[in-house]
1. State all residues of region B:137-166 that are more than 14 Å from chain A (Cβ to nearest Cβ), within 20 Å of B:ASN201 (Cβ to Cβ) and open to solvent by 40 Å² or more (accessible area, probe 1.4 Å); if no residue qualifies, say none.
2. Out of B:ALA131, B:ALA87, B:ALA63, I need the residue that is out of contact with any helix residue (DSSP H, G or I) (no Cβ under 7 Å at 6 or more places or on another chain) and of a type in the set (A, V, I, L, M). Which one?
3. Has region B:70-91 got at least one residue that is within 16 Å of ligand 6 (Cβ to nearest atom) and not in a strand (DSSP E or B)?
4. All but one of (1) at pLDDT 95 or above; (2) within 9 Å of ligand 4 (Cβ to nearest atom); (3) open to solvent by 60 Å² or more (accessible area, probe 1.4 Å); (4) within 14 Å of another protein chain (Cβ to nearest Cβ) hold for B:GLU311; which doesn't?
5. Determine, yes or no, whether A:ARG155 is modelled with pLDDT of 85 or more, in the same structural domain as A:SER185 (by TED's automatic domain parsing) and charged (D, E, K, R).
6. Here's a check for you: in region B:274-285, which residue that is assigned to a loop (DSSP other than H, G, I, E, B) and more than 10 Å from chain A (Cβ to nearest Cβ) is surrounded by the most Cβ atoms within 10 Å (Cβ to Cβ)?
7. What's the total number of residues in region B:258-271 that are more than 7 Å from chain A (Cβ to nearest Cβ) and touching a residue at least 60 places away in the same chain (Cβ under 8 Å)?
8. Give me a count of the residues in region A:295-322 that are under 24 Å from the mean Cα position of the chain (by Cα) and facing another protein chain (nearest Cβ under 9 Å).
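The values are calculated or read from the model by the stated rules, or taken from the named source; none is laboratory data. Remember, it's a predicted structure, so these values are computed and weren't measured experimentally. Virtual Cβ from ideal backbone geometry, glycine too; neighbours counted across all protein chains shown. Side chains included, ligands, DNA and RNA excluded: accessible areas come from the protein's heavy atoms. Shrake-Rupley method; radii C 1.70, N 1.55, O 1.52, S 1.80 Å.
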Amino acid sequence: MRKTSLDTLPAEGGLGDEPLLAVDNLHVEFATRAGVVRAVNGVSYSLRPGETLAVLGESGSGKSVTAQAIMGILDVPPARIPKGEIRFRGTDLLKLSDEARTQVRGQRIAMIFQDALSALNPVFTVGWQISEMFRIHRGMSRRDATAKAVELMDRVRIPAAKQRVNDYPHQFSGGMRQRIMIAMSIALDPEVLIADEPTTALDVTVQAQIMELLAELQRESNMGMILITHDLGVVADVADKISVMYGGRIVENAPVHDIYQSPAHPYTKGLLESIPRVDLKGQDLYAIKGLPPNLLDMPTGCAFHPRCPYRQDNCVTDSPPLYEINARRGSACHYWREVLDGDQG
Amino acid sequence: MATKGERILEVRDLVKHFPLTQGILFKKQIGAIKAVDGVSFDLDRGETLGIVGESGCGKSTLAKLLMALERPTSGSVVINGRDMARAKGAELKRMRRNIQMVMQDPYTSLNPRMTVGDIIGEPYDIHTEVAPKGDRGRKVQELLEVVGLNPDHINRYPHQFSGGQRQRIGIARGLALQPEIIVCDEPVSALDVSIQAQVINLLERLQNEFGLAYIFIAHDLSVVRHISDRVAVMYLGKIVELGRDVEIYDKPAHPYTQALLSAVPVPDPEGREQRERIILQGDPPSPANPPSGCRFRTRCWKAQEICAEQEPLLEIRPGTRHESACHFAETHDVVHAG
Ligand SMILES: Nc1ncnc2c1ncn2[C@@H]1O[C@H](COP(=O)(O)OP(=O)(O)OP(=O)(O)O)[C@@H](O)[C@H]1O
Ligand SMILES: Nc1ncnc2c1ncn2[C@@H]1O[C@H](COP(=O)(O)OP(=O)(O)OP(=O)(O)O)[C@@H](O)[C@H]1O
Ligand code: SF4
Ligand code: SF4
Ligand SMILES: [Mg+2]
Ligand SMILES: [Mg+2]
């Protein structure tokens with residue numbers, strides 16, 4: 001049983017219509033010497049148990065900052081959350097006490113970081129680091145906790161787990177370290193797992209192993225998963241739905257099949273078209289022109305307008321809301337109809 | 001000047017072993033990391049050879065050997081008929097002009113304290129014959145224009161440019177000495193997806209314009225297919241398969257290539273449940289102690305006794321039309337990323 005000493009903690013059990021996790025109009029800003037960086041400007045997405053949401057987008061678009069806000073690991077200051085809610089089973093995490101928040105973090109919402117080498121502590125054995133989860137959060141004895149660590153290393157398929165439990169992180173390959181990170185993140189059976197670029201630093205063959213492992217763990221426990229990535233292949237493989245970010249905003253939300261078949265935002269469309277295709281060999285690749293936006297000096301109106309082939313005059317002045325296309329899709333483009341139909345601006 | 005299609009680079013039995021030593025005062029060699037272990041291939045003028053393979057298989061070491069930044073343990077790198085691996089002094093300097101490199105990381109490979117003009121013009125310090133002092137500024141501005149940057153930005157510093165722009169600066173520098181060969185080691189991996197396509201298009205345009213030959217190292221297999229005429233697949237210091245892009249991608253004959261291609265996620269969710277995937281078990285063995293016979297045998301599902309005893313050579317095998325290094329090579333149609 002989970003310890004629920006605090007009555008403010010989110011309930012467990014059936015959810016009804018309520019999503020497991022809902023980010024609602026989240027804003028995050030950083031005070032920097034150069035000015036206020038508005039890294040997240042009204043992000044909304046939601047997740048149900050067993051579902052995989054892929055968050056896609058350019059470098060610096062706010063994917064990780066949103067995840068860090070959900071985990072409650074942003075440094076405040078310089079970070080500030082001026083607006084928005086993060087509801088976990090209906091409870092706004094941003095209104096919880098620090099103590100209650102700590103109970104949620106790692107136990108009910110867990111995260112895997114991109115760089116396993118720097119996320120693991122080089123001076124402790126991997127067994128000690130995994131078993132720490134059980135000693136701290138479950139009050140287990142050292143011996144029981146170590147037994148649990150071996151069990152978990154087995155579960156993430158580290159060969160000869162029993163012999164390797166006392167090895168240090170540098171004695172493992174990149175793929176194995178990522179497995180150890182995964183072991184730590186699922187140690188306490190979280191309901192939500194946030195994986196921030198879990199395979200970016202790895203080879204494709206190892207990536208395939210890790211993605212398969214994550215899918216299996218998810219099937220076993222019905223975890224909801226938020227997968228942050230810029231790999232359109234990985235997304236097509238595992239996601240149920242997708243949120244595309246650009247300049248700190250969601251520009252498109254859609255089920256995976258819809259978005260690959262007919263994107264409703266020019267940025268998404270550009271990304272999909274720039275994938276090299278066999279039949280286009282020898283021709284120029286489609287390239288989105290121009291540069292990603294500078295958060296300190298965001299374009300007026302629609303942030304994508306300097307790069308957009310569909311741009312009209314009002315795009316320069318009016319920031320598009322996230323228009324509802326249907327109950328499951330949204331696009332932050334004034335001209336989403338034209339984009340869906342495929343006729344260029 | 002040679003003409004298109006003519007051989008400009010011949011690499012033969014190239015080997016690079018890094019010594020593994022023990023002891024601090026009296027270093028004793030206890031073994032060697034066999035980073036590159038017998039690699040041979042040719043490159044023609046205007047051609048692109050893609051090189052793929054897992055981390056640590058020796059791609060960057062190979063690149064450094066081609067550039068004569070590392071001296072080979074044995075083997076030869078013959079450029080336009082002359083062996084660069086054995087050249088010294090003035091001759092080596094002259095040969096180096098002909099082969100230049102574009103590096104992976106546009107953020108750290110440029111000196112932050114030098115202006116863009118100085119960075120791109122730096123090769124002229126060594127090769128003064130290419131651009132006399134007074135001519136340099138104009139040459140650098142020309143290069144900036146060629147790679148699609150504003151020639152007026154010649155006095156700016158790297159931090160004033162985006163990642164994609166910095167990669168263009170690296171490319172401009174690579175072009176400064178008008179080489180015939182450019183070695184690109186992961187030239188787009190550090191860039192955003194939306195910027196990668198811009199840089200790849202630029203590389204292709206420059207190739208057509210100047211008849212450049214490329215060695216193109218990358219881990220993104222669909223990018224390699226797009227840009228390459230031929231592709232070499234490396235595993236633990238050796239080339240295990242070499243052929244034209246269609247042969248490697250559509251008819252791979254080596255089990256490792258087959259596994260590698262099937263691991264690439266297809267950017268299309270249709271039919272994903274039915275997709276067949278070869279998931280390799282375990283990690284590649286250490287290059288300090290590679291398996292006997294075929295180096296892939298510890299992870300190969302087709303391995304037989306002979307695989308441990310006899311090293312399979314890179315050659316054209318029965319039933320295939322390109323070279324592969326497997327005793328049981330047979331083509332296999334893979335569904336993979338375009
Ligand atoms: N502590 C901080 N102080 C100031 N700015 C920050 C801080 N952390 C993040 N940012 C800025 O917030 C923006 C969003 O960053 P974030 O890490 O969320 O991007 P991302 O979408 O995850 O990108 P990537 O794909 O490169 O990981 C960036 O412009 C980043 O520079
Ligand atoms: N200077 C060196 N001294 C000792 N070992 C080295 C040295 N340079 C490379 N190695 C080793 O040689 C092997 C091949 O390394 P290399 O950098 O060529 O691989 P790579 O294929 O470029 O990998 P990646 O895809 O990660 O860039 C690795 O095992 C590496 O650790
Ligand atoms: S709102 Fe206008 S500028 Fe923005 S994406 Fe749509 S068409 Fe392009
Ligand atoms: S030679 Fe043997 S072990 Fe090597 S790839 Fe072929 S079948 Fe596999
Ligand atoms: Mg990030
Ligand atoms: Mg390398």
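1. Matches in region B:137-166: B:GLU142, B:GLU145.
2. B:ALA63
3. yes
4. (4)
5. Considered against the rule, which asks whether it is modelled with pLDDT of 85 or more, in the same structural domain as A:SER185 (by TED's automatic domain parsing) and charged (D, E, K, R), A:ARG155 comes out as no.
6. B:PRO285
7. Within region B:258-271, residues that are more than 7 Å from chain A (Cβ to nearest Cβ) and touching a residue at least 60 places away in the same chain (Cβ under 8 Å) number 3.
8. The qualifying residues number 0.
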